[in-house]
Amino acid sequence: MSKSKILFIIFGAIAGILAIAGVAIAFSVNYDDIAPAKVEVIDNGEEIFFKSDLNENYHGYRFSFKTETNSFVYDSQSNVISLQSIKEKLDIGKTYQISSCFLGDNEGGNSKFSQETSWRSYDYLEKIEISFDSSNNIISWNEVQNADYYKVYYKDIIFRQEGISSTQFDLFHLQGGEYTFKVVACSNAVNHKPSESNELNVVYRKKFKPFEKVEFDSENCSLKITAFEKLTAIRVRLNSNNFNIENPKFEENDGKIIYNISIKAIYNGQSQIGASPVSQDEYNIYSGLITYA
């Protein structure tokens, strides 16, 4: 065999060995360099999720949560986990450094961890369930842990219900009608975000109460009526005759509604003087007795 052929065979063998080693080294470097992108924190307005890159070449995902005093990992088959799945391990209000890696068949087969995402932990207050008691005309809901107060929404109006024990809203001071209600639980702590109920459609049929008192001022020929509600009309009864007074003026005193009505134009010395609310429509009804002076 000639010297040139021998050199060719030797160089060819060396080149082959280097090529194989290069592939192995390249594979090793690429494998070792695999790591997910930074964990994404997703807040949909009701719940919080943590998302790692999707990689179907691995068997799962490991999420790492670290503070100066609290560290833990959570393994998942999915690349997205919810706050609820790790809530018991979290110190709400603390700032966590979050990272993730891909899980291999064994610990040596895991990828590198991603760069860390900084997240100041918080959560949403639990969901509110609301209901309507049509017998007592009350909206009520469940007491929510860590809630300091509640807001009741209807027709773009907000009522703030103070105190965690206040878990109902009396419709008595509203006019009868059709309403859509929503209740929001709120906390004074920035670590607890508000949660809101589903909307509840309510048909409220208001039954007016009889007047508490009717007083006749004979000198001024006027009536002073103490009532519980604001009315668009009052029926004055003189003996057997009824007169409707539209849009009567009133003032509020200690939670009562006081009407002062002049009856000079209709009073002719009748002996029986009384008054009552008037039904307004199918939602605002009066079927009670007349209150006499």
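The values are calculated or read from the model by the stated rules, or taken from the named source; none is laboratory data. Worth saying up front: this structure is predicted, and the values here are computed from it rather than measured. Heads up, the Cβs are rebuilt from the backbone with ideal geometry, glycines too, and the neighbour counts pull from every protein chain shown. Accessible surface is based on the protein model in full, side chains and every heavy atom, while ligands, DNA and RNA are left aside. Shrake-Rupley method; radii C 1.70, N 1.55, O 1.52, S 1.80 Å.
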Exercise. Return the distance in nm (one decimal) between the two label points of a simple spin-label model at Asp105 and Glu178, each offset 7 Å from Cα along Cα→Cβ.
Key: 6.5 nm
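Which value, in debye to the nearest 20, describes the size of the charge dipole of segment 70-210 about its Cα centre when Lys and Arg Cβ atoms bear +1, Asp and Glu Cβ atoms bear -1, and nothing else is charged?
Details: 15 positive and 18 negative charges, 131 e Å.
So the dipole magnitude of segment 70-210 works out to roughly 640 debye.
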Exercise. In a Gaussian network model over the chain where Cα atoms closer than 10 Å are linked, find which of Ser218, Ser78, Ser166 has the largest mean-square fluctuation.
Key: Ser218
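Mind checking the dipole of the chain: about its Cα centre, +1 per Lys or Arg Cβ, -1 per Asp or Glu Cβ, Debye to the nearest 20?
Values: 29 positive and 38 negative charges, 72 e Å.
Value, rounded to 20: 340 debye.
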Quiz item: Once the Cα atoms of segment 187-293 are picked out, what are the Rg and Dmax in Å?
Solution: 19.3, 70
Quiz item: What longest range of the chain stays clear of loop-exposed trypsin sites (Lys or Arg not before Pro) (DSSP non-H/G/I/E/B, at most 11 other C-beta within 10 angstrom)?
Solution: 1-154
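For a Förster distance of 41 Å, can you work out the FRET efficiency between the beta-carbons of Lys256 and Asn142, rounded to the nearest 0.05? Kindly include the intermediate steps, with their values, before the conclusion.
Values: r = 33 Å, r/R0 = 0.81.
After rounding, the FRET efficiency stands at 0.80.
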Self-check item: Spacing of the two label points (7 Å from each Cα toward its C-beta) at Lys38 and Lys264, in nm
Solution: 8.0 nm
Quiz item: In nm, to one decimal, how far is the Ser279 label point from the Asn55 one, both placed 7 Å along Cα→Cβ?
Solution: 7.4 nm
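Using a 1.4 angstrom probe, figure out how much accessible area segment 176-293 has per residue, in square angstrom, rounded to the nearest whole. Walk me through the numbers on the way to the answer.
Numbers: 6610 Å² over 118 residues.
Ligands and nucleic acids excluded, the result is 56 Å² per residue.
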Self-check item: Theoretical ellipticity at 222 nm over the chain - DSSP helices of four or more residues, -39500 (n - 2.57) apiece, nearest 500
Solution: -4000 deg cm²/dmol
Self-check item: Descending principal axes extents, the chain, alpha-carbon based, whole Å
Solution: 147, 37, 26
Quiz prompt | Carbon plus sulfur fraction of accessible area for the chain, probe 1.4 Å, in percent | solution = 49 percent
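Quick check on my link table: of Lys182/Lys209; Lys213/Lys256; Lys38/Lys112; Lys89/Lys112, which ones sit more than 21 Å apart, alpha carbon to alpha carbon?
Lys182/Lys209; Lys89/Lys112
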Self-check item: Selection of GluC sites (Glu not before Pro), segment 202-285, meeting DSSP coil and at most 13 other Cβ within 10 Å
Solution: Glu212, Glu219, Glu282
Quiz item: If you line up the long axis of helix 3-33 against the longest principal axis of the chain, both from Cα atoms, how many degrees apart are they, to the nearest 10?
Solution: 20 degrees
